[in-house]
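Where a number appears in this text, it was derived from the coordinates with a stated rule and is not lab data. Here the structure is a predicted model, which is why all the values come from computation and not from measurement. Cβ coordinates were reconstructed from backbone atoms using ideal geometry, including for glycine residues, and neighbour counts include every protein chain displayed.
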Amino acid sequence: MLAEGGTEYGHMETIMRGDSPYGPFTECPHNPILSHKDYMGSQIQATGHADLVEDQNGNWWMVSLGIRKLPKVMLHNLGRETFLTPVMWKDGWPVAGDHGRTELEWEAPLPGEAPKGMKLSFTDHFDGDKLDLRWNFVRNPKRDHYVLQDGKLSLRAGEETLQDHHPTLLCVRQQEFEETAQTTVSCKRLEEGGKIGLTAYYNKDYHYEVYLTKRDGNFRIGYGWTVHAMEAEREIFLVSVPEVLSFRVKADTRGYTFSYSTDGKSWTEAGFGAVAGLCKEGTMTMTFTGTYLGVFASRAEADVTSFSVEIDE
């Protein structure tokens, strides 16, 4: 089995067979055995990097990578995902799904009851001695910048920012087009120009964020964005730092709406960023990780007491 056509919209899976690992090989007459390059109307695109597996009941499946594109446009911000496709055999060749096409849902004989895994929605109060497995860092973290103690997570950031290779950032993958992330923080230290906030983050050159900052000795709520490594920000509201401060981002197929709250009840909108700014197709590096949602700090120390992700499941 071969992955061909690049890993984008021309991606495909092909197969050959032979009597020896050294060949000669005969090409499958209906190659590619999996591809959506001629099925552009499907929400699933870039299918490939597949494997074949036989379950204990003798049924065959293909496990592959792919993406889900946004409605009406050839853009995606969720990163690559795993798809399962039933396989039948014809004349000794595998036929995946609907003649090499897969779908979001299939009527197929699963080998058993599906295991109950992690729900996409979750809330973390950081009251354990280890971080939840959903959490991600960007590259190798500086462990002393993340301290779990007394039912909270302490972020202890130095000079690093979201534009650096090693930001102080704890994040989860955005797994659906429409979801809401919310966090509550308590500011312990905030240097001049420092930030504590919530971000929608693709990489160091592409991200949106709402945050608490300090300018000329005054505390302000700001909204910032970085696209193509061009940075801009708006300092919106002068505030007195409350005991706790909450941030929220609502994601949908249009973009990301950021808000903040000083009482956890009433919310004030801080800014909006178009989803296209965090889509792989429009970026310089064109990686496949997708967007993260997370809490960050720079030149600051803050206690994060809660973080939640809500998805309509």
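Entry note, the stretch 178-313: relative contact order of 37 percent, from Cα contacts under 8 Å with a spacing of 6+ residues. Between the beta carbons of residue 243 and residue 216, assuming R0 = 30 Å, the FRET efficiency works out to 0.80 to the nearest 0.05.
For residue 237, the residues 5 or more places off, or on other chains, whose built amide H falls under 5 Å of its own are 221. The relative contact order of the chain, computed from alpha carbon pairs under 8 Å that lie at least 6 residues apart in sequence, is 18 percent. When the chymotrypsin sites (Phe, Trp or Tyr not before Pro) in the stretch 29-85 are filtered for DSSP coil states and for at most 13 other beta-carbon atoms within 10 Å of their beta-carbon, no site remains. Placing +1 on each Lys and Arg Cβ and -1 on each Asp and Glu Cβ, with no other charges, gives the chain a dipole about its Cα centre of roughly 760 debye. Between residue 230 and residue 103, the distance separating the two model label sites (each 7 Å from Cα on the Cα→Cβ line) works out to 4.4 nm.
Panel order for 306, 20, by other beta carbons found within 10 Å of each beta carbon, from fewest to most: 20, 306. 3J(HN,Hα) along the stretch 145-151, derived from phi through the Karplus expression 6.51 cos²θ - 1.76 cosθ + 1.60 where θ = phi - 60°, amounts to 8, 10, 10, 8, 6, 6, x Hz, with x in place of Gly and Pro. For the stretch 12-17, backbone phi angles converted through the Karplus equation (6.51, -1.76, 1.60; θ = phi - 60°) give residue-by-residue couplings of 7, 10, 10, 8, 9, 9 Hz, Gly and Pro being listed as x. As a rough guide to protection, the peptides 96-109, 271-284 ranked by mean Cβ packing within 10 Å, highest first, stand as 271-284, 96-109.
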